[in-house]
Amino acid sequence: MLKRNSPTITKLRYLDDYKKTKIIGVYDLNDDLISQSEEKKFYNLLKKNIDKFDIIIVADYGHGIITEKIRKLILKRNYKVFLNTQINSFNRGYHTVFKYKKVETLVINESELRYELRDKHSAIPELAKILFKKISVKNIIVTRGIYGSVLINKKNNLIISCPAFDQNNIDTVGAGDTFFAICSIAIGSKVDKKISMMMGAISAGFAIDQIGNKFYYNFQTLKKHLTHIFK
């Protein structure tokens, strides 16, 4: 589906020459809601195909694609929804995870979780307990950059901590998205949660080891990494 008057999103970042950290970013995108005709087309496409898939990965970054009507359709299959709702400079103050009341798994950055709950100091398991009371979700996965990630499972009161496997931080762009995709596919495929977290961490390590997203993480790369670890 195409959104009218919407260029391919371009992100121009000015970096510090020594540490390669972002100084300022200039973004070109259309942040408006899709039109009614576009929404109808997207809705019908989803409705026709949504039941063909075992899991639904929702990356809602608040850029006008997922309207309330689209969201309601997706959430009718909440038992297989893996969600990431990113807060960014375009949607801060308008976008929130609480639009999704029931999902299978939520993957969220620690700083965004603290922003959502207005809590700067509580430990992550305590934050998860608060969030479990506000939305219905089986797993909450909190990504923490160089400090790794934490999975909290409500039913079994299970907490899994996973380290970051690559400290050679060249560029973090895309790392969270890569973790989200790989970990969601793994958990949705009934892979052991510890292994799923490790797979997500390995893939995120691949993403931060290069400037931008020059290469994408595929099955062959994952297979090579897992073979190296378990041989």
Checklist entry - Restricting attention to segment 106-126, does a residue exist that is aliphatic (A, V, I, L, M), surrounded by 15 or more Cβ atoms within 10 Å (Cβ to Cβ) and in contact (Cβ under 8 Å) with a residue 60 or more places away in the chain? => result yes
Item to check | Criterion violated by K72 - all others in (1) closer than 19 Å to A181 by Cβ; (2) surrounded by fewer than 13 Cβ atoms within 10 Å (Cβ to Cβ) satisfied | outcome: (1)
Item to check | Neighbours by Cβ (under 6 Å, 6+ apart or cross-chain): first from segment 175-194, within 13 Å of L83 (Cβ to Cβ); second at pLDDT 95 or above and among the aliphatic types (A, V, I, L, M) | outcome: F180/V107; S184/I57; G188/I55
Next on the checklist: When you scan segment 204-218, do you find a residue that is closer than 26 Å to I140 by Cα, at pLDDT below 95, assigned to a helix (DSSP H, G or I) and in contact with a helix residue (DSSP H, G or I) (Cβ under 6 Å, 6 or more places away or on another chain), even just one?
Outcome noted: yes
Checklist outcome for this item: Within segment 162-194, restricting to residues that are surrounded by 13 or more Cβ atoms within 10 Å (Cβ to Cβ) and among the small types (G, A, S), the one that is farthest from A128 (Cα to Cα) is G174
Item to check | Top-ranked residue of segment 39-75 - restricted to ones that are part of a helix (DSSP H, G or I), closer than 23 Å to Q86 by Cα and acidic (D, E), ranked as nearest to the chain's Cα centre (by Cα) | outcome: E68
Next on the checklist: Looking only at segment 211-231, count every residue that is of a type outside the set (A, V, I, L, M, F, W, C), within 20 Å of the chain's Cα centre (by Cα) and surrounded by 14 or more Cβ atoms within 10 Å (Cβ to Cβ) and tell me the total.
Outcome noted: 2
Checklist entry - Is it true that I152 is assigned to a strand (DSSP E or B) and under 21 Å from F98 (Cα atoms)? => result yes
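The values are calculated or read from the model by the stated rules, or taken from the named source; none is laboratory data. None of the values given here were measured: they were computed from a predicted structure. Using ideal geometry, Cβ is built from the backbone for each residue, glycine included, and neighbour counts are taken over all protein chains shown.
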